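This report concerns only the one structure given below.
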Amino acid sequence: KTQTRVTPPFSLRTTNPEDDMLVFFLATLALAGAQTVYDSTYQFGQLSSSAPIDKAVIFDCSSNANRTFRNPVFVTDRDDLELPGSFSIIDAEIEVTRPVTRPLYGRIEAWRTIYLFGGLSSTIKLGCFPLSGKDYGVGSCEYGELCGILDQNGPFDEVTGAPTCWDEAIQLGIPEDQCVCEGIGPKVYTLKDWNKMVDLTDLERGLLTFLAEGDYELKLTATDDLGVEQACLGIRVPVKEYVDPNDTSGGWLFGKKRRSIKH
């Protein structure tokens, strides 16, 4: 029986066993240093200096040890974002360390890769793209006081017209008559088998052009009235264009909206 040995394309072997240990140690340090760490030390806005994103990553990026929100976990049904298209959040979890108090000011910063002549890549920070008929935008935007937004956009009882709460919030133990920031107490909130579909099949034409295909980074933060960070959510995601095989219009840059029928 013939055995075949696969020889690696390089060797760390030297003539001195002590040198072998030194080279192995240095190589281990180099590999560890090359790995991306997804925490408060992560450097946003440097997409072009790293390898292309192959799958979405969501992580806690806050450096405040006493923050209110921590350890976010989101499990989705796909590793990229296809536009137009949809995806589902299968499971979600967040830890709240203390009673939530207002104000909380929301902010999103967004970056993406662009490709220059010759295939070179660069990272740009996106501006805030306004949405028609909305008082908010997409991109790097300030969202104002989040608790006030929650107050204004909560559901109402169809019969009585009284403020009520979302089914998911009630399942998490938030009182139906306290569907506000003050009703969120300290605990780990978990939604298992949520399977919440996020539908992005009907995006505006200008937004599709704004969100060109490529790698994206998002940094979502919430700060209190003193500017102290109470939450930080980092997202890295590859964005791809859904291509309808029956559509010959040329894609986003020609203003054609393509609906995904895959999800």
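Return the residues of the stretch 152-162 that are under 25 Å from T190 (Cβ atoms) and open to solvent by 60 Å² or more (accessible area, probe 1.4 Å); say none if nothing qualifies.
Listed by number, the list holds a single entry, N153.
Is there any pair with a first residue in the stretch 130-157 that is more than 16 Å from V100 (Cβ to Cβ) and a second that is among the β-branched types (V, I, T) and in a loop (DSSP other than H, G, I, E, B) whose Cβ atoms are under 9 Å apart and which are 6 or more apart or on different chains, and what are they?
Filtered contacts from the stretch 130-157: P155/T164; F156/T164; D157/T164.
If I filter the stretch 81-99 down to residues being modelled with pLDDT of 95 or more, open to solvent by less than 40 Å² (accessible area, probe 1.4 Å) and not hydroxyl-bearing (S, T, Y), which single residue comes out as farthest from L203 (Cα to Cα)?
Selected residue: V96.
Of the residues that make up the stretch 132-146, is at least one under 30 Å from D54 (Cβ atoms), within 20 Å of the chain's Cα centre (by Cα) and not in a strand (DSSP E or B)?
Yes, the stretch 132-146 contains a residue that is under 30 Å from D54 (Cβ atoms), within 20 Å of the chain's Cα centre (by Cα) and not in a strand (DSSP E or B).
Looking at the stretch 147-165, which of its residues are of a type in the set (S, T, N, Q) and part of a strand (DSSP E or B)?
Let us first name the residues in the stretch 147-165 that are of a type in the set (S, T, N, Q), namely 152-153, 160, 164.
Residues satisfying the conditions do not exist here.
Of everything in the stretch 110-129, what is open to solvent by 30 Å² or more (accessible area, probe 1.4 Å) and either part of a loop (DSSP other than H, G, I, E, B) or touching a Cys at 6+ places or on another chain (Cβ under 9 Å) (or both)? Give them in sequence order.
Scanning the stretch 110-129 gives L116, L120, G127, C128, F129.
Considering T223, T209, which residue is of a type in the set (S, T, N, Q), open to solvent by 30 Å² or more (accessible area, probe 1.4 Å) and either under 15 Å from the mean Cα position of the chain (by Cα) or under 22 Å from G144 (Cβ atoms) (or both)? Don't jump to the end; show me each part of the working.
Numbers: T209 fails: either under 15 Å from the mean Cα position of the chain (by Cα) or under 22 Å from G144 (Cβ atoms) (or both).
Criteria check complete, one pass: T223.
The values are calculated or read from the model by the stated rules, or taken from the named source; none is laboratory data. Computed from a predicted structure; not experimentally measured. Heads up, the Cβs are rebuilt from the backbone with ideal geometry, glycines too, and the neighbour counts pull from every protein chain shown. These area figures cover heavy atoms from the full protein model, side chains too; ligands, DNA and RNA do not enter into them. Shrake-Rupley method; radii C 1.70, N 1.55, O 1.52, S 1.80 Å.
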